[in-house]
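The values are calculated or read from the model by the stated rules, or taken from the named source; none is laboratory data. Remember, predicted model here, so these are calculated numbers, not experimental data. As a convention, Cβ positions derive from the backbone with ideal geometry for all residues, glycine included, and neighbour counts pool all protein chains shown. What goes into the accessible areas is simple: the full protein's heavy atoms, side chains included, and nothing from ligands, DNA or RNA. Shrake-Rupley method; radii C 1.70, N 1.55, O 1.52, S 1.80 Å.
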Amino acid sequence: MSEENLAPVTEELTEEEKGIFDLYPELARVERRQENGWREIKSFVLRGQKLKDFQIQALRDHYHDYAVVYDENKTLDFASIFGNQNPVVIEIGFGMGESTLKIAKANPNINYLGIEVFLYGFSKLLANAAKENLSNLRLMRFDAVQVLQDMVSDNSVDGFHVFFPDPWPKKRHHKKRLIQKPFAELLTSKLRKGGYIYCVTDWEDYANQMLAVLGSVEGLVNPYGGFAPERPWRPETGFERKGLEKDYKINEVWVEKA
Ligand SMILES: C[S@@+](CC[C@H](N)C(=O)[O-])C[C@H]1O[C@@H](n2cnc3c(N)ncnc32)[C@H](O)[C@@H]1O
């Protein structure tokens, strides 16, 4: 999670926002600390920005259609969640979900599960998914690492999308980067044979780290032997646009489970 998202907002929750947390108390929890059991995070800390009326309305009207709730004692049953046996792709950290929506719309025969901790983005994608009446997209508002560890069966996922994960540019923060060996091994264990991990970043040394880490996991192969060519079907993301404005180079890493 980026520092920006974790920064407390100074204003209090509005009455409308409080109503949402009363309706769905689980929205106040976004991560679990193994040492102490549940770590309750105050709702206003992880809201990020004040929710707009359309986001509150979408949460009221469509939460149950699109949200999957974290429960460490349950295993996700994709066939019953999506109502079919189609392949499942999980996106980690979809941000505002612009590209998630476009990809899901363009591929109705693939099921997408988007995981994001940022409530502003979660509720925005929820609103857009409902507007488009998408049936192949579901959303989780929780720490993706916990979701994968606790709720996803091994060999059950066809692909992972990790687009522009927080770059944590300062050296002392590199340990907070998502793409590290244990996480890469976790993703690999959840992939079906032939499944893929697709990571993109505009931060050069993180790109090299992705290449090295994903290249070092047993059972993964890199068909390109280095950075992958751009996937024409991947729409530009919000975070990507900001990097491109600064002339940052975009690097893509694509690996597959042998
Ligand atoms: C730099 S943003 C990129 C967002 C989007 N993919 C894009 O390209 O515009 C990274 C996102 O990952 C989310 N994130 C970071 N760690 C996460 C985790 N462990 N579980 C779920 N989401 C996470 C953050 O909240 C943030 O929205």
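Percent of accessible area on region 66-196 owned by carbon and sulfur, 1.4 Å probe?
Its accessible area is 47 percent carbon and sulfur atoms.
Highest mobility in the GNM of the chain, judged by mean-square fluctuation with C-alpha springs under 10 Å and restricted to Leu23, Leu178, Leu113, is found for Leu23. With protein chains left intact and a 1.4 Å probe, residues in region 139-194 average 41 Å² of accessible area per residue. Pull up the DSSP beta bridges for the chain and report the antiparallel fraction as a percent, rounded to 5. Among the beta bridges of the chain, antiparallel pairing accounts for roughly 35 percent. Evaluate E = 1/(1 + (r/R0)^6) for Gln149 and Val221, where r is the Cβ-Cβ distance and R0 equals 35 Å; express this FRET efficiency to the nearest 0.05. After rounding to 0.05, the efficiency reads 0.90. Straight-line reach from Lys74: taking Cα to Cα under 17 Å and skipping same-chain neighbours fewer than 8 places apart, the lysines in range are Lys190. In terms of the Cα gyration tensor, with a ≥ b ≥ c the square roots of its eigenvalues, is region 114-258 rounded because a/c is under 1.5, prolate because a/b exceeds b/c, or oblate? Rounded.
In whole angstrom, the chain maps to an equivalent ellipsoid with semi-axes of 28, 21, 19, each derived as √(5λ) from the alpha carbon gyration tensor and ordered largest first.
Applying D = kT/(6 pi eta Rh) to region 35-175, where Rh is the Kirkwood radius over alpha-carbon pairs, T corresponds to 10 °C and eta to 1.306 mPa s, the Stokes-Einstein value obtained is 100 µm²/s. Accessible surface for region 50-137, divided over its residues, is 45 Å² per residue with a 1.4 Å probe.
Could you give the length gained by full extension between His64 and Leu23, i.e. 0.36 nm per residue of separation minus their alpha carbon distance, to one decimal place?
Additional length available on full extension: 13.6 nm.
Computed from point charges on the beta carbon alone (+1 for Lys and Arg, -1 for Asp and Glu), the dipole magnitude for the chain about its Cα centre is near 420 Debye.
Taking the Cα centre as origin and putting +1 on Lys and Arg beta-carbons and -1 on Asp and Glu beta-carbons, what dipole magnitude results for region 104-179, to the nearest 20 debye?
The dipole magnitude comes to about 540 debye.
Ranking Phe54, Gly226, Pro169 by Cα position along the charge dipole of the chain, where only Lys, Arg, Asp and Glu carry charges on their C-beta atoms, puts Gly226 farthest toward the positive end.
Between Glu72 and Lys52, the contour length at 0.36 nm per residue exceeds the Cα-Cα span by 4.1 nm.
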